[in-house]
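Trainee: Encoded as structure tokens, here's the structure I'll be asking about.
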Amino acid sequence: MSAIGVDTHKAALAACVVDALGMPRSERIFDNDPAGHRALLDWAQASEPDAIIGVEGSASFGAPAARFLIAAGRSVREVPPQLARRERIRTRRAGKSDPGDALAIARVTLRESDLPPVRLADRSLEIQLLVGAREDVVLEMTRVRNRLHADLRVLVPGYGARASNLTTIRHQRAVARLLARLVGVQAELARGRLRRLGSLASEERALAGQIEARVKGHPLLALPGAGVIVTATLVGEVGDVRRFRSADAFAALAGVAPIPASSGQTQRMRLNRGGNRQLNRAFYTIALSQAFHHPPAKAYIARQRAAGKTWREALRALKRQLVRTVFRLLQAGAAPVELAA
């Protein structure tokens, strides 16, 4: 058995073939364009026609090449960056290079038999793109709001007595009235930022509406704590849930599965800082909401606290308990049609 690792970049693809012992047999660099993808396929066919191909960055720079290889009938797996990073240390190559990264990716592909298949373009990818676009808008709204707040502290000292926040339309209108008669560059810039804030709010509402339309009727919406955005995040980041062999594999992807950190007579589990952080944040949001508002979850947290766990440890345990429920609901929403239009 052999494997091929592909390290992806904007303009180039570095590939390495390893044998059954993980020893490099051949290395090549290809252009990341249609001609380069064809050359990569020809090279892979000539080198190892039955080798599994592992691609790091299959959702970004490596997506076109990965999909081209799949269309040609090759078995392509997604290699998580954290696994490749750990393997790079073991390659014993000085410094860092693209061929060395490809070697690490190939060894991970050879060793890890449960890597998920590369994600193909589907409806869930549209949801992921919309969620990402909305998050960008929300972050920009926060930046503009903070800058406007700094302006108002100078232009209208104590403005908070008449507009306690810059989030609601009512308070934004109050700020507009405060700024209406002020003159000067800073006042003009503040009025521009206020208009920008309104424009961004309209953009956010439009994106949220598109997201809601795409997840309407999904079984996850019935889960306490899983609103539209959280559901969309889960669906968008996971893609086809059938890529995962089990709920445990899904938990590992989300960074929800705890990591053993025991020594001697001390037996404990520590926080997993790996995995998909967007998925992890979605689980955190659900768990936090349930911990305060869902009676079964509140009782579970109380039992964990009584057993000596801290609040954070109890919340992590609740996140892990939620995995099977979320996994089952994702499966229910994936067949026969993933989502309603």
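The values are calculated or read from the model by the stated rules, or taken from the named source; none is laboratory data. Note that the structure is a prediction, hence the values are computed from the model and not measured. Here the Cβ is made from the backbone with ideal geometry for all residues, glycine too, and neighbour counts use every protein chain on show. With ligands, DNA and RNA removed, areas are computed over all heavy atoms of the protein, side chains included. Shrake-Rupley method; radii C 1.70, N 1.55, O 1.52, S 1.80 Å.
Trainee: From the list A206, A187, pick out the single residue that is of a type in the set (G, A, S) and either buried (at least 16 other Cβ atoms within 10 Å of the Cβ) or touching a Gly at 6+ places or on another chain (Cβ under 8 Å) (or both).
Mentor: The conditions single out A187.
Trainee: Among the residues of the range 207-253, write down those that are out of contact with any helix residue (DSSP H, G or I) (no Cβ under 9 Å at 6 or more places or on another chain), free of Cβ contacts under 8 Å to residues at least 60 places away in the same chain and either of a type in the set (V, I, T) or within 16 Å of L129 (Cβ to Cβ) (or both).
Mentor: G209
Trainee: Between a residue in the range 122-144 that is under 11 Å from G236 (Cβ atoms) and any residue that is at pLDDT below 95 and not in a helix (DSSP H, G or I), which pairs come within a Cβ distance under 6 Å, given they are 6 or more apart or on different chains?
Mentor: R123/E338; R123/L339; S124/G239
Trainee: Among the residues of the range 183-214, which ones are of a type in the set (V, I, T) and at pLDDT 95 or above?
Mentor: Those that are of a type in the set (V, I, T) and at pLDDT 95 or above: V185, I211.
Condition check ((1) open to solvent by 50 Å² or more (accessible area, probe 1.4 Å); (2) in contact (Cβ under 8 Å) with a residue 40 or more places away in the chain; (3) part of a helix (DSSP H, G or I); (4) of a type in the set (A, V, I, L, M, F, W, C)) across all residues:
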| site | (1), (2), (3), (4) |
| --- | --- |
| A46 | yes, no, yes, yes |
| P49 | yes, no, no, no |
| A66 | no, yes, yes, yes |
| R77 | yes, yes, no, no |
| I89 | yes, no, yes, yes |
| K96 | yes, no, no, no |
| D101 | no, yes, yes, no |
| T109 | no, yes, yes, no |
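Trainee: Further question on the same structure: Those residues that are out of contact with any helix residue (DSSP H, G or I) (no Cβ under 8 Å at 6 or more places or on another chain) and surrounded by 14 or more Cβ atoms within 10 Å (Cβ to Cβ), I need them from the range 1-27; list them, please.
Mentor: D19
Trainee: Do you know which residues across the range 113-127 are open to solvent by 40 Å² or more (accessible area, probe 1.4 Å) and of a type outside the set (A, V, I, L, M)?
Mentor: Correct list: S113, D114, P117, D122, R123, E126.
Trainee: Report yes if some residue within the range 12-26 is more than 30 Å from the chain's Cα centre (by Cα), without any contact (Cβ under 8 Å) to a residue 60 or more places away in the chain, closer than 18 Å to R107 by Cβ and in a strand (DSSP E or B); otherwise report no.
Mentor: yes
Trainee: Separate question: Any idea which residue in the range 246-271 is farthest from E78 (Cα to Cα), counting only those that are open to solvent by 50 Å² or more (accessible area, probe 1.4 Å) and at pLDDT 80 or above?
Mentor: Checking each candidate, the answer is D248.
Trainee: Only residues that are under 17 Å from Q186 (Cβ atoms), open to solvent by 70 Å² or more (accessible area, probe 1.4 Å) and either in contact (Cβ under 8 Å) with a residue 60 or more places away in the chain or not in a loop (DSSP other than H, G, I, E, B) (or both): list them for the range 150-164, please.
Mentor: R153, V154 - these are the residues of the range 150-164 that are under 17 Å from Q186 (Cβ atoms), open to solvent by 70 Å² or more (accessible area, probe 1.4 Å) and either in contact (Cβ under 8 Å) with a residue 60 or more places away in the chain or not in a loop (DSSP other than H, G, I, E, B) (or both).
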